[in-house]
């Protein structure tokens, strides 16, 4: 089946630093990937849609300058949390859309970000 | 995308069938019903999807009412490992359809 990986699985950083999270589709090409954020005991919130070779589309209320998304290849999208603060601590999850399987979305295992 | 309504939580005895309902009364004709589940601290896992016919795979069955305004996910023999949050989502199955998650149903399978 379609496999999506994320790296790192956990990261702890100091306030003010930037953190990069990678999302890879391992056995298929994905022109579109998605980034979600999930706070404790809450549902997943879609942050942005990442399109290969073009700018990401951000959901309302998501700061594009704070959450930089790059989708430079058909198998890799990155999310960089710039100048991270404790309120950015969350579970970040990516998904990739597999075009040749009916546009189904497959999710990565998530990245736990803790900002001290 | 249409909004869905699910019960907040449900319990099920191990070995019994778990029936998880979902209302989607405003679903459009080209929107599919998807079910995902999320086990604690993991990414969501795809379970099943359907348009109007009932569907079955190795994980579950999906029963969609004739008017498509509601559906039921059936786990035929629930195990402790099925304890998770189950999300019912409706979306257009295209290259523009997005998965928007609601609050889901927390299913607790008890021994």
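Residue B:9 falls short on exactly one of the conditions (1) free of Cβ contacts under 8 Å to residues at least 60 places away in the same chain; (2) within 14 Å of chain A (Cβ to nearest Cβ); (3) more than 30 Å from residue A:58 (Cα to Cα), and that condition is (1). Considered as a group, the residues in the range B:56-107 that are in a strand (DSSP E or B) and within 11 Å of another protein chain (Cβ to nearest Cβ) include one that is modelled with the lowest pLDDT, and that residue is B:92.
Can you find a residue that is within 29 Å of residue B:9 (Cβ to Cβ), under 11 Å from the mean Cα position of the chain (by Cα) and in contact (Cβ under 8 Å) with a residue 24 or more places away in the chain anywhere in the range A:21-29? No, the range A:21-29 contains no residue that is within 29 Å of residue B:9 (Cβ to Cβ), under 11 Å from the mean Cα position of the chain (by Cα) and in contact (Cβ under 8 Å) with a residue 24 or more places away in the chain. For residue A:37, are the conditions met, namely being closer than 24 Å to residue B:48 by Cα, at pLDDT 95 or above and within 13 Å of chain B (Cβ to nearest Cβ)? Yes. The residues in the range B:30-50 that are surrounded by fewer than 18 Cβ atoms within 10 Å (Cβ to Cβ), part of a loop (DSSP other than H, G, I, E, B) and either in contact with a helix residue (DSSP H, G or I) (Cβ under 9 Å, 6 or more places away or on another chain) or within 11 Å of chain A (Cβ to nearest Cβ) (or both) can be counted, and the count is 4.
Name every residue in the range A:96-116 that is part of a strand (DSSP E or B), within 8 Å of another protein chain (Cβ to nearest Cβ) and under 20 Å from residue B:50 (Cβ atoms), in order of residue number. The answer is A:97, A:104, A:105, A:106, A:107.
Scanning the range A:81-91 for residues that are more than 10 Å from chain B (Cβ to nearest Cβ), outside any helix (DSSP H, G or I) and surrounded by 15 or more Cβ atoms within 10 Å (Cβ to Cβ) gives A:81, A:82, A:84, A:89, A:90. Number of residues in the range A:14-34 that are at pLDDT below 95, over 19 Å from residue B:44 (Cβ atoms) and either in a strand (DSSP E or B) or within 10 Å of chain B (Cβ to nearest Cβ) (or both) equals 1. Looking across A:60, A:42, one residue alone is under 29 Å from residue B:32 (Cα atoms), at the interface with another protein chain (Cβ under 10 Å from one of its Cβ atoms), free of Cβ contacts under 8 Å to residues at least 60 places away in the same chain and assigned to a loop (DSSP other than H, G, I, E, B). It is A:42.
The values are calculated or read from the model by the stated rules, or taken from the named source; none is laboratory data. These numbers come from a predicted model, not from an experiment. Ideal geometry is used to build each Cβ from the backbone, glycine not excepted, and the neighbour counts take in all protein chains shown.
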